[in-house]
Each structure stands twice: as structure tokens, then as C-alpha cells.
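Here's the structure we're looking at; comments come further down.
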Amino acid sequence: MAFWNWADPAMGGKGRHPEKALTSVQIRSLKTPGRYADGHGLYLVVDPTGSKRWILRIVIQGQRRDIGFGGVGLVSLAEAREKALAYRKIARNGGDPIADKRKAKVTVPTFAEAAETVHAEHKATWRNPKHAAQWITTLRAYANPHFGAKRVDQIETPDVLRALSPIWLTKSETASRVRQRIGTVLDWAKAAGYRSGDNPVEGVTRGLPKQGEREEHHAALPYAEVPAFIARLRGMVGQGEIGRLAFEFLILTAARTGEVLDARWGEIDEAQALWTVPASRMKAGREHRVPLSGRACEVLLRAKVLAGDSSLIFPGRSGTKPLSNMVFLMALRRMGVPITGHGFRSSFRDWAAEATNLPREVAEMALAHTIENRVEAAYRRGDLLGKRRELMEEWNTFLAEPDQSSKREQGG
């Protein structure tokens, strides 16, 4: 028995098109296996098993294709005609309804699911494990409660605004990072085909108040007050000694918080009084040598006693993990000083510019700043270690004389 209805010219038969379209009564009564035309490429297929289904024969971008609409038990004649009309319009305008149908079946992830995927994909490329952990933790804490359960193709600028508003002024630096990380997740969603259009993070700051300079520029002490601050730090009660030593070492070396907290004994050359921070832990991705002043070496000697067998110079309580990155902030709060630990780099830079005669680039190299002038960077082969050692010893001497700091500020 032939499967097709050979009266249908579309199947190559010699018959003619039916004089009128299918009716619901005909559809129910058809028993003979075959393909019955309704018109405009829509067919009812009766299988040998007796089941009935719809297909649309259509030309898509120059190729003849068949699209299934499902069985008559689920799709009525009216619904099949409506679908056929919509698909023909797409094809007539150069589109591909089959591709569109395939996309519609794709499960669009929620923001929380997308964030976890992006984190997993990028985790191996991040050098700092703490950064990798903080990346996803901040999104879980600040973004997910607002739109974590929402599909990525449904997230709009107001959603991002509601997530950032509560922390925009109170936790400015964190808020800026959350904004950037939300943008990364939504950029990934667009690249993966889950959403289209502009990233809703763009322009969100227009709906937020202007952030103050305190967080953005890392509030710092005037350099003349830093010696007295260190004297107070050494005499603090209720602050662990290892934490105090780490803080003083941070100031003495003008290093970044992460560089100090993750410092290892294997990075210290005692004979040369030199600390070499590997490229993997530097912001600029380049190895950085730090000449150690006399007091910095004394701090290390005491830290060695407290650290015991730990490979870390300033270990936390467990001995296997570094001190918390909150240790300096908590000390500042106890002392009632409204600044940031990072701000001491600014104090050092101001002191070097105003109280020493060494060239500007010496201080910039001490801070491991990238040389902005490309010509200068191309010809700068060394790292000015000798001059930087001189600079750090001068800084050491300045910090050791708290009673003299105000006199220096006044030119005395």
C-alpha cells in the first residue's frame, strides 16, 4: 500500500489539488495512510499506524524543508494553519523558522546558574585563589537576592540598579566590582546566544548617586602623621601581634595588602635583605623586588618566631592560611582612623615627592606602578634597585621618628 496520497501533485502524482481545504470532519474520518494537502504547503500525514500529524513543506533560504507541527490530538487544524502562516512569513523575509524553533527549545539559564558557569570557566585563569572565591561570593551576596532566579534574557537595567543601590555608597569599591561582574555574566549570556541587545549594566550609573572619593581614592593619612600612627600601632592592645607586624611591614614596604598577606618565607633573601614577590601575585603580572630596610628585617625576625613552621610570613590562626584581608581594616577601626590600608601607599608617594630628592620614577618603581610612557618603558632595563634601597631606608628613618614628623611637615 502506498504511503502517500498520490492525488497530491506535491508528491509527484498526476492528480490535481483538492478543490477545497481539509475540514475537521475529514481529518477525523481519514484512515488511509498518506499525505493530504490543506493548501499553501500544509499537509496532514496519516501514518500506517493510524496516527495523524501535521507537516509544513516550505522553501527556506533556497532549500525545500519539512517542518513538523505535532499530532492532531495536540494541534488543531486552526492552530496548524496559524503556525504555517507565521512560518511562511518568516521564510518569505529571509529568516529560518527551523533555526528559530530550535532556539526556542533551548533552556535559558537563570542569572545564578550563568554566574556559576562563568565562574567555573574562568576560575583556572585567575592567578589569585582569593580573587576567584570573592568573584562568585560577591554575586551570590549582592546580585542573586535581587535577580538570581531570573532568566538572563529577562534581566534589565532596573534589576541591576536595585542590586547596586543598597551598597553603592556604603561599600563603593565592592559595588563597583559587583557591577563589573554582573556585566561579565551578561556579556557571556549574549555570546552564548541566551540574550540579545545591550548589556543592562551599561548606563546603570546614571541612576545612582555619585560616589565619594573616600573609597575610590583610598583615603590616606598625611605622610607627616604616619610615624605617630606606627607608634600607636605597636602599642595597641587587643590586636594580635602577628597582625600588627603585618601592618607595619605593609607600611614599611609600601606594598599592597594582598602582597603582604600572602608573602612566603621562600620569597625572602636574608643575605641581600630582599623580598621578591613573584609575578603571579603582582597586579601588573611582573616580578617585583622589594629592598628591605633595617626595621623591615626586624619585623621579619619577630614574625619568624611567631610563624613557627608555617611557610607564610604572616599566617592566620591555623598556620596554613594567611591572615584575613580584614585584619588591617579592623585595626584602623579600633584606632578610630578613617582611612584604608591601601592609603599608606599614597602617604608614601606624597612623602617621596615632597621630602626626598630622588627622581619620581624611583618612587613609582617602589610602588610597582606600570610606566605609562612607552618610550621610557622600552629603554628602562633595570629596576633601580640601588636607588630604591636608598629610598626605603630614608622612609624607614622617617617612620622611626614620630616626634620629628610634624617638624618635617613644617619645614623644621
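The values are calculated or read from the model by the stated rules, or taken from the named source; none is laboratory data. On a predicted model such as this, the values are computed, not experimentally measured, just so you know. Note: ideal-geometry Cβ built from the backbone for every residue, glycine included; neighbour counts use all protein chains shown.
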Residues within the range 279-310 that are under 20 Å from ARG127 (Cα atoms) and either surrounded by 14 or more Cβ atoms within 10 Å (Cβ to Cβ) or at pLDDT 95 or above (or both), tallied: 5
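Would you point out which residue out of GLY308, GLY285 is more than 17 Å from PHE249 (Cα to Cα) and in contact with a Gly (Cβ under 7 Å, 6 or more places away or on another chain)? Quick ask: steps written out before the conclusion?
On the way: GLY285 fails: in contact with a Gly (Cβ under 7 Å, 6 or more places away or on another chain).
None of the others qualify; the one that does is GLY308.
Just checking, does the range 155-162 include any residue being within 30 Å of THR253 (Cα to Cα), surrounded by 14 or more Cβ atoms within 10 Å (Cβ to Cβ) and in contact with a Gly (Cβ under 7 Å, 6 or more places away or on another chain)?
Initially, the range 155-162 is screened for residues within 30 Å of THR253 (Cα to Cα), giving none.
No.
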Test result for ASP38, at pLDDT below 90 and not in a loop (DSSP other than H, G, I, E, B): no
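Can we say GLY336 is modelled with pLDDT under 95, within 23 Å of LEU221 (Cα to Cα) and surrounded by 20 or more Cβ atoms within 10 Å (Cβ to Cβ)?
On the way: modelled with pLDDT under 95: yes; within 23 Å of LEU221 (Cα to Cα): yes; surrounded by 20 or more Cβ atoms within 10 Å (Cβ to Cβ): no.
So GLY336 does not fit the description; no.
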Cβ-Cβ below 7 Å, separation at least six or inter-chain, first residue in the range 171-193 and farther than 17 Å from LEU161 by Cα, second surrounded by fewer than 18 Cβ atoms within 10 Å (Cβ to Cβ): which pairs? LYS190/SER196
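Residues checked against (1) acidic (Asp, Glu); (2) out of contact with any Cys (no Cβ under 8 Å at 6 or more places or on another chain); (3) over 23 Å from PRO322 (Cα atoms):
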residue	(1), (2), (3)
GLU113	yes, yes, yes
LYS123	no, yes, no
HIS131	no, yes, no
LEU139	no, yes, yes
PHE147	no, yes, yes
PRO158	no, yes, yes
LEU161	no, yes, yes
Lone unmet requirement of (1) out of contact with any Gly (no Cβ under 7 Å at 6 or more places or on another chain); (2) assigned to a helix (DSSP H, G or I) for GLN272: (2)
Cβ pairs under 6 Å, 6+ apart, first in the range 64-79 and at negative phi, second exposed (fewer than 12 other Cβ atoms within 10 Å of the Cβ) and of a type outside the set (Val, Ile, Thr): LEU77/SER24
Taking the range 158-177 and keeping only residues that are under 15 Å from the mean Cα position of the chain (by Cα) and either among the aromatic types (Phe, Trp, Tyr) or within 21 Å of GLY341 (Cα to Cα) (or both), one is left with GLU173, THR174, ALA175, SER176, ARG177
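For the range 314-329, what are the residues that are among the β-branched types (Val, Ile, Thr) and in contact (Cβ under 8 Å) with a residue 60 or more places away in the chain? So that I can check it myself, show each step before the final result.
So in the range 314-329, the residues among the β-branched types (Val, Ile, Thr) come out as 320, 327.
Residue satisfying the conditions is VAL327 alone.
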Run GLU225 past the list (1) touching a residue at least 60 places away in the same chain (Cβ under 8 Å); (2) part of a loop (DSSP other than H, G, I, E, B) and report the number of the one that doesn't hold. (2)
Listed by range, helices (runs of 4 or more DSSP H) wholly within the range 96-208 having at least 2 residues that are farther than 30 Å from GLN63 by Cα are 111-122, 129-142, 144-147, 157-164, 172-191
Which ones in the range 264-278 are closer than 20 Å to GLU248 by Cβ, surrounded by fewer than 17 Cβ atoms within 10 Å (Cβ to Cβ) and of a type in the set (A, V, I, L, M)? LEU274
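Residues checked against (1) among the aromatic types (Phe, Trp, Tyr); (2) modelled with pLDDT of 90 or more; (3) surrounded by 13 or more Cβ atoms within 10 Å (Cβ to Cβ); (4) not assigned by TED's automatic domain parsing to the domain that holds ARG35:
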residue	(1), (2), (3), (4)
GLY73	no, no, no, no
ALA78	no, yes, no, no
ARG81	no, yes, yes, no
GLY94	no, no, no, no
ASP100	no, no, no, no
HIS119	no, yes, yes, yes
LYS123	no, no, yes, yes
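So which helices (runs of 4 or more DSSP H) are wholly in the range 289-355 and hold at least 1 residues that are within 28 Å of the chain's Cα centre (by Cα)?
Details: elements: 294-307, 327-335, 343-355.
In the range 289-355, 327-335, 343-355 are the helices (runs of 4 or more DSSP H) which contain 1 or more residues that are within 28 Å of the chain's Cα centre (by Cα).
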